[in-house]
Every structure is written in C-alpha cells, then in structure tokens.
2 protein chains.
Amino acid sequence: MRTLDHPSRGEMRLDAVLAALADPVRRTVACKLNDAFGDHACATFELPVSKSTATYHFRTLREAGVIRQEYEGTKIMNTLRKDDLDARFPGLLDAVFAAQNIERAEATAPESRD
Amino acid sequence: MRTLDHPSRGEMRLDAVLAALADPVRRTVACKLNDAFGDHACATFELPVSKSTATYHFRTLREAGVIRQEYEGTKIMNTLRKDDLDARFPGLLDAVFAAQNIERAEATAPESRD
DNA sequence: ACTCTACTACGATGAATTTCGTACTACCAA
DNA sequence: TTGGTAGTACGAAATTCATCGTAGTAGAGT
C-alpha cells in the first residue's frame, strides 16, 4: 500500500499555507472539499489544467498541510484537513473560504458598488 | 504633490491579497503596521533586504490593497488598510496576524507539542 | 495475463517573482 | 544653491512557479 507524507500540525508553515491558498486552482480544490461531503478523488475536480499539473497542485496542497491524500486502490482520496488547520491557525481557513465566496458571488452578480 | 494608485475596496483581489501576505517580508510589514500606532515611513522597518527590494515589496502590498502609501514631504507614510480589508474580506487579516503571532511565539519558545 | 484507470515522476519550458545595483527625482533644510 | 534624505525607475540576474508531454507504476476488473 502506497502512502504519502503529510506535515503534522506543528510542522505546518503559514508561508506554505498562504502560498498554497493564493493560487486560484488550489483554492478551488480546497473550497470544493470544504463544500462537499467526504472524500474526493483527484479526477473529480475538473480543473482547467493538465493531469500532471493537477498532480503538482495537489502535492502542493498536501505538503502545505491543507489536504490529506490517501490511496484507495488506484485512486487518491482527498480530504480537507479542516480540524488540523483550525487547530493550527484558527479562523484562517474560514476567512479564506468566505472571501472566496464573496468574489465568486461578484463574478456572477452585476457589479454594484466598490 | 506626488500620489500613488490604490485599488478601491471592490477592486481588491483575493489572489493578490493572499500572495502579498504569503511573503514573509511583506507579512512582517503588515504585522508591524497592525501592532503600531499611526503611520510609518518605509525606512523605519529595518527589512532584511535592499532599499530597492523594499520598494518592490511596499508596492506589492499597496497594489494588493493591504497598505495605503501617502507622500509626506520626501517620505512615504504607510498605513494598514484594515477597515477596507475587513470590509472586503472579513476576518482574513485578523486570522493571518493571529497565525503569524502563533508562529512567532514558537520561534522563541522551546518547541513543545506538534 | 491483459487491459484499463488514476495517478506519479521526470525533464523541459516559459512566466513570474525576488533580488540587487546604479542612476535618478522630489522635497526639505541650511 | 548646495547638499542631504527618502524614496523610485530601470535593467539584469537568480530563483521559483506553473505548465505540459511523455513515460511509467500500482491496483482493479475481466
């Protein structure tokens, strides 16, 4: 059984977490994991990049501690490490997701005030 | 009188704000502005980079909307755009500063548990 | 055993970021 | 008007990042 390395809570670095979440592709992955229930294989995300680029983004998220990746047969199941992140950097993840939702709402709604 | 461009609240992009705060030098600047009262000239920060690199980081922060820069004579006074950021992306700035303080505390304190 | 699926590893490439030094500008003060 | 202060602009170099294609692997299904 293959396994993948993850940072422990204490090993999580703010630098890495912020950099991971600063990229729109990766933030999309994190947001989808937050919105959905349970695990999700990499292939289910329909990202606007190639498969090898997707691998790179998933690895970046994992190494930052944002997601957990576990093999299940040939698939990798991804979960958001919400509990760990909340324990390590309280409020950060929720604030980022809230901000993401604000921007997403603007993208569809008619621009109102600045 | 020279002036500098700033994004309005609505023009602030989450991408840019997170990228701005992901860099340790820039995050240090933002944190110091948060901790201190009033305005602060660029030169007062004692950053571990050259003057021209510092200019680059201040500009990055300003263009993301994190700080406001206003000329005052030959100096530039920097302020944290806390109200604007809080209005635009509620809770984000506070969560980042809290996280930064957690890491800073670890750096000085003896490592305890992960 | 073969094939399919879902991924990774590797190497390459182009873009963006960070860094710097030098030269410059705007303003203040003597 | 001469000089000092606090910054910018520009160009260059080094590094990192995001991207891809190709080739490969581990496990599941037939």
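The values are calculated or read from the model by the stated rules, or taken from the named source; none is laboratory data. Everything quoted here is computed from the prediction, not taken from an experiment. Backbone-built Cβ (ideal geometry, glycine too); neighbour counts: all protein chains shown. Just the protein is used for accessible areas: all its heavy atoms, side chains included, with ligands, DNA and RNA removed. Shrake-Rupley method; radii C 1.70, N 1.55, O 1.52, S 1.80 Å.
Here are a few things to note about the model shown:
- Accessible area of B:Asp83 (1.4 Å probe, protein heavy atoms only, ligands and nucleic acids ignored): about 110 Å².
- Residue-averaged 222 nm ellipticity for chain A, from DSSP H runs of 4+ at -39500 (n - 2.57), nearest 500: -16000 deg cm²/dmol
- Once the C-beta distance of B:Lys51 and B:Tyr71 is scaled by a Förster radius of 22 Å, the resulting FRET efficiency is 0.85 to the nearest 0.05.
- Nearest-first distances (nm) between copies at A:Ile102, label 7 Å from Cα via Cβ: 2.1
- Put simply, the amide H of B:Ala41, placed in the peptide plane, has neighbours under 5 Å in B:Asn78, leaving out anything fewer than 5 places away on its chain.
- Counting only other chain Cβ atoms within 10 Å of each residue's Cβ, the peptide B:2-12 averages 1.
- Dipole magnitude of chain A, debye to nearest 20 (Cβ charges: Lys/Arg +1, Asp/Glu -1, about Cα centre): 320
- Look at the dipole of chain A built from charges on Cβ: of A:Ala22, A:Ile67, A:Pro90, the Cα furthest out on the positive end belongs to A:Ile67.
- By accessible area with a 1.4 Å probe, ligands and nucleic acids excluded, highest first: order of B:Cys31, A:Cys42: A:Cys42, B:Cys31
- Loop chymotrypsin sites (Phe, Trp or Tyr not before Pro), region A:16-114, which have at most 16 other Cβ atoms in a 10 Å radius of their Cβ (DSSP): A:Phe37
- Taking only alpha carbon atoms, chain A gives an Rg to Rh ratio of 0.99, where Rh is the Kirkwood radius.
- Label-to-label distances for A:Asp83 across copies, nearest first, come out at 4.2 nm, using points 7 Å from Cα in the beta-carbon direction.
- Listed cross-link partners A:Lys51/A:Lys82; A:Lys82/B:Lys51; A:Lys82/B:Lys82; A:Lys32/B:Lys82 are compared with a 32 Å cut-off, the Cα-Cα value being larger for A:Lys82/B:Lys51.
- Total charge dipole magnitude, the protein assembly as shown, about the Cα centre, Cβ charges on Lys, Arg, Asp, Glu only, Debye to nearest 20: 400
- The residues of the protein assembly as shown have, on average, 54 Å² of accessible surface per residue, using a 1.4 Å probe with all protein chains present.
- Shown for B:Lys51: label points 7 Å from Cα along the beta-carbon vector, and their distances to the equivalent points in the other copies, 5.5 nm in ascending order.
- For the pair region B:1-75 / region A:41-114, the C-alpha centres are spaced 28 Å from each other.
- Of the GluC sites (Glu not before Pro) found in region A:1-89, the ones in coil according to DSSP and having at most 13 other Cβ atoms within 10 Å of their Cβ are A:Glu46.
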